[in-house]
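J.: Could you have a look at this structure, given as C-alpha cells, before my questions?
The values are calculated or read from the model by the stated rules, or taken from the named source; none is laboratory data. As the structure is a prediction and not an experimental result, all values here were calculated from the model. Cβ: placed from backbone, ideal geometry, glycine included. Neighbour counts: every protein chain shown.
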Amino acid sequence: MIYLVRVEVTLKPAVNDPQGLTVKGGLHLLGFAGVQEVRVGKYLELTLEATSQEQAEAQVRDMCEKLLANPVIEQYSFSVEPAAVTDLAAL
C-alpha cells in the first residue's frame, strides 16, 4: 500500500534559532511589529510503500532519526495516511 507522509522538523525550544531571529527582524521592518517570536523549521512530504501503517510509521521514525532530523538539536512530528489518487497526482 502507498502512504502519504508529512514530516515537520523544528529546533528544540532550548536551541537558538538565528534564522528565526532574521525572519522576525525582516517582519518587523515590513511593519509587522506584533510578531513576538519566529521559529524556522522544515516540512517534507513523501510517498512511501509499506505493507501496513505500522510499518510505514516505523520506517518514517527511522528516517527522521537517521537523516531528516538531527535528534540532538531538532524535534520532529509526522503523520502517515493512506495516499489517495489525488495525493499521488499532486506529488
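J.: Residue by residue through the stretch 2-16, note down the ones that are assigned to a loop (DSSP other than H, G, I, E, B) and more than 16 Å from Cys64 (Cβ to Cβ).
T.: Correct list: Pro13, Ala14, Val15, Asn16.
J.: Kindly check whether there is at least one residue in the stretch 64-82 that is among the charged types (D, E, K, R) and touching a residue at least 24 places away in the same chain (Cβ under 8 Å).
T.: For the stretch 64-82, residues among the charged types (D, E, K, R) and touching a residue at least 24 places away in the same chain (Cβ under 8 Å): present.
Results for (1) under 18 Å from Ala84 (Cα atoms); (2) surrounded by fewer than 16 Cβ atoms within 10 Å (Cβ to Cβ); (3) in contact with a helix residue (DSSP H, G or I) (Cβ under 8 Å, 6 or more places away or on another chain); (4) free of Cβ contacts under 8 Å to residues at least 40 places away in the same chain, shown as yes or no for each residue.
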{"site": "Leu4", "(1), (2), (3), (4)": "yes, no, yes, no"}
{"site": "Val7", "(1), (2), (3), (4)": "yes, no, yes, no"}
{"site": "Lys12", "(1), (2), (3), (4)": "no, yes, no, no"}
{"site": "Val40", "(1), (2), (3), (4)": "no, yes, yes, yes"}
{"site": "Thr47", "(1), (2), (3), (4)": "yes, yes, yes, no"}
{"site": "Thr51", "(1), (2), (3), (4)": "yes, yes, no, no"}
{"site": "Gln55", "(1), (2), (3), (4)": "no, yes, no, yes"}
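J.: Give the residue that is surrounded by the most Cβ atoms within 10 Å (Cβ to Cβ), with candidates limited to residues of the stretch 61-91 that are touching a strand residue (DSSP E or B) at 6+ places or on another chain (Cβ under 7 Å), at pLDDT 95 or above and among the charged types (D, E, K, R).
T.: Of everything passing the filter in the stretch 61-91, Glu74 is surrounded by the most Cβ atoms within 10 Å (Cβ to Cβ).
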